Amino acid sequence: MLARSFKTLAVLLAVGVLPADLAFAQQVSQQRIISGLGKLKANAPAIDVELLRQEAITGAGKQMSALPNWSKIAKLPQMVVEINFENDSVAIQPVSYRTLGMIADALHHPNLWAYKFLVIGHASSTGDAKHNLDLSEQRAVAIKEVLATTFAVDPQRLYAVGVGEAFPIEGTKTDAANNRRVQLVNLGVFTRKQ
């Protein structure tokens, strides 16, 4: 029953990296996504997704915000979204398409259309670390692809990276189901590639 209750938690709003005293879960809605991701107060730093990927691989066991490139995004608007996948698969369960649709609607909203976003895939530690890293990357890419193909979000606005089990939610067991999560980060103003 506890595992099922984790499945019903649709969105956890995060400030920086998830705080240890995360006090509540909120139902996902387009307005919560818009307000959660649209609070960019200053220019976003330049982010190199490949550097983030490499830091995740080499920085396992450290706090995400303690790593040089990850610390750059710690203060950017972000939220954690639960997307359900088939076990050990990149197949998104049908129940999650409603959430993905709300995310896409929010990304099409005038308050967010000018921004680019990073989709970060996380995994629990229930499998081999290498497998979890690959699976989290594939799941982040799958979400990016669904947002781009099914929901017509410009794929140039979306970046995907998987971090495996490297950054569990502080205060939880590393194999806990809520560590299988997707994080969305506002990376700042989108400039179309020429």
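The values are calculated or read from the model by the stated rules, or taken from the named source; none is laboratory data. Given the structure is predicted, the values throughout are model-derived calculations rather than measurements. All Cβ positions, glycine included, derive from the backbone under ideal geometry; neighbour counts span all protein chains shown. With ligands, DNA and RNA removed, areas are computed over all heavy atoms of the protein, side chains included. Shrake-Rupley method; radii C 1.70, N 1.55, O 1.52, S 1.80 Å.
This table checks each residue for (1) assigned to a loop (DSSP other than H, G, I, E, B); (2) at positive phi; (3) modelled with pLDDT of 85 or more.
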| site | (1), (2), (3) |
| --- | --- |
| PRO45 | yes, no, no |
| LEU52 | no, no, yes |
| ALA60 | yes, no, no |
| SER65 | no, no, no |
| MET79 | no, no, yes |
| SER89 | yes, no, no |
| ARG98 | no, no, yes |
| ILE103 | no, no, yes |
Flagged in the stretch 68-81 as within 23 Å of GLY36 (Cβ to Cβ) and of a type outside the set (Phe, Trp, Tyr), in numbering order, are ASN69, SER71, LYS72, ILE73, ALA74, LYS75, LEU76, PRO77, GLN78, MET79, VAL80, VAL81
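Return yes when SER124 is more than 23 Å from ILE33 (Cα to Cα), in contact with a Ser or Thr (Cβ under 9 Å, 6 or more places away or on another chain) and not charged (D, E, K, R) and no when it is not.
yes
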Of the residues ALA140, ALA148, ALA160, ALA177, only one is at pLDDT below 75 and out of contact with any Leu (no Cβ under 6 Å at 6 or more places or on another chain); which?
ALA177
So, in the stretch 149-164, exactly how many residues are in a loop (DSSP other than H, G, I, E, B), open to solvent by less than 40 Å² (accessible area, probe 1.4 Å) and under 14 Å from HIS108 (Cα atoms)?
2
Looking at this structure, is TYR115 over 16 Å from GLY162 (Cα atoms) and touching a Leu at 6+ places or on another chain (Cβ under 9 Å)?
yes
